[in-house]
Amino acid sequence: MIALAVLVGSRLTQLLKRVRSKVFGSRLTIRMVLMFSLVAVLPGALVYTLSVQFLNRSIETWFDVRVDNALDRGLNLGHNAIDYQLNDLHRKASVIAWDIHDNSLSALLERLSKLRDQTGVQEITLFDNNGQVHAHIGNEYASLVPSLPDRKIITEAERGSYKAIESDPVNGLMMRVIVQLPGSEFSNRVKLLQLLQPVPKQLAQDAELVEQVRSEYKQLSQSREGLKLIFSLTLTMALTMALLGALALAIYLSDKLAAPLSVLAAGTRAVAQGDFTQQHPVISRDELGILTHSFNRMTRQLSDARDTLEHNQAEQAEAKAYVEAILASLSAGVLSLDEDWHLQSANHSALRILGLDPSRIGDLPLSKWNQAYPNLTAFFAHTIHGFFI
């Protein structure tokens, strides 16, 4: 676009210089450039305005308040479903803790196994606050080694209970619930019961998808002003390039149309100065081509007419010189008069015999020559009378 702008700017600068220098055809060229530019600018500006308004309104429709509320409620629904699963697991942990708090160690594993089967929990672990495991029961998806929490979680569980959703790279989202066994808080070692249960896969995927879509929607909503600006700048650049291209094309076409006129003007000036050799090539079959062809034919005809005139003048000059040579060689006087009796020519013998001075006669007819030469009155009267007889 920068290169196109530089090209258009340089061509316009050259055109303005030609106008200031009063180069023939430059005013016509700049007038045609303005006309072509208006033809391109008006529709382009209309399309640009409508496109910007359409884009702005379209972008605003992307961010409907109802869609935002629906995404928030969908996310809350997923969180509520997971919280319900977590609370249900916490309730099961409390029931199991009351059930096994007075069982002996020998009967503990059997009782935990039955409770796990009844509740459908994936993994049950009994351990104390020092991290020593007393019992561990799990299904086929449970790990052989119990997954114990860190010290911070154990400390929190000692003050009451602990429940949370944790992300596991292998099993995905896992629910962890830790409760105290009743009565263990009065002993040296606090016994803790831990239940691990994966969040249902479909529920986790749905919640994750809603969270992802909601996050993307929020980011998109925050950047809508930027989107408007980007689209507006894109349309502006497209319009600018289109206008620059139209202007460059207008300059090119105007030069093409005005160039034959400039050539014809130069040829006309040459013809006015007597140069009939101007012949211009006919490069088109339109009206400009016909005009150029007519100009070439006119110059050829003028050249032929001038050649004919010069040839006739040369022949007349030769004939006149020949007659003058013959008259000069005669001893008799010879006068040449026109139809109005004005002197056209006279040989030296006639001037010497009659004693005439052509400058004194001037434009006088023969009947008035006696005014300049009274002594020749009888000769002139006799001559005129003789001609009429």
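The values are calculated or read from the model by the stated rules, or taken from the named source; none is laboratory data. These numbers were taken from a predicted model, which means no experiment stands behind them. Cβ coordinates were reconstructed from backbone atoms using ideal geometry, including for glycine residues, and neighbour counts include every protein chain displayed. The area values use the complete protein model at the heavy-atom level, side chains included, leaving out ligands, DNA and RNA. Shrake-Rupley method; radii C 1.70, N 1.55, O 1.52, S 1.80 Å.
Structure notes:
- Search result, residues across region 81-104 that are touching a residue at least 60 places away in the same chain (Cβ under 8 Å) and open to solvent by less than 70 Å² (accessible area, probe 1.4 Å): Ala81, Ile82, Gln85, Leu86, Leu89, His90, Lys92, Ala93, Ser94, Ile96, Ala97, Ile100
- Residue under evaluation Gly120, criteria (1) at negative phi; (2) open to solvent by 30 Å² or more (accessible area, probe 1.4 Å), criterion not met: (1)
- Single condition Gln219 does not satisfy, out of (1) at pLDDT below 75; (2) touching an Asp or Glu at 6+ places or on another chain (Cβ under 8 Å): (2)
- Within region 148-169, the set of residues being open to solvent by 60 Å² or more (accessible area, probe 1.4 Å) and of a type in the set (Ser, Thr, Tyr) comprises Ser167 only.
- Restricting the first member to region 216-233 and to residues that are of a type in the set (Gly, Ala, Ser), and the second to residues that are modelled with pLDDT of 65 or more, the beta-carbon pairs closer than 9 Å and six or more apart or on different chains are Ser232/Val52; Ser232/Leu55; Ser232/Asn56.
- Test result for Leu192, at pLDDT below 85 and closer than 20 Å to Asp88 by Cβ: no
- Which numbered condition Ile165 fails, given (1) under 60 Å from the mean Cα position of the chain (by Cα); (2) over 23 Å from Asp88 (Cβ atoms): (2)
- In region 142-165, of all residues being hydroxyl-bearing (Ser, Thr, Tyr) and part of a loop (DSSP other than H, G, I, E, B), the one that is farthest from Asp128 (Cα to Cα) corresponds to Ser143.
- Residue match in region 170-188 (condition: open to solvent by 70 Å² or more (accessible area, probe 1.4 Å), at pLDDT below 80, not hydrophobic (A, V, I, L, M, F, W, C) and not in a helix (DSSP H, G or I)): yes
- Apart from one condition, Leu108 fits all of (1) out of contact with any His (no Cβ under 8 Å at 6 or more places or on another chain); (2) over 30 Å from Gly78 (Cα atoms); the exception is (1).
- Taken as a whole, region 57-66 holds at least one residue that is in contact with a Leu (Cβ under 9 Å, 6 or more places away or on another chain), part of a loop (DSSP other than H, G, I, E, B) and modelled with pLDDT under 80.
- Subset of region 222-235 that is within 13 Å of Ser51 (Cβ to Cβ), modelled with pLDDT of 75 or more and out of contact with any Phe, Trp or Tyr (no Cβ under 8 Å at 6 or more places or on another chain) - its residue that is least open to solvent (accessible area, probe 1.4 Å): Ser232
- Residue match in region 99-111 (condition: at pLDDT 80 or above and in a loop (DSSP other than H, G, I, E, B)): no
- Scanning region 30-56 for residues that are among the polar types (S, T, N, Q) and without any contact (Cβ under 8 Å) to a residue 12 or more places away in the chain returns Thr49, Gln53.
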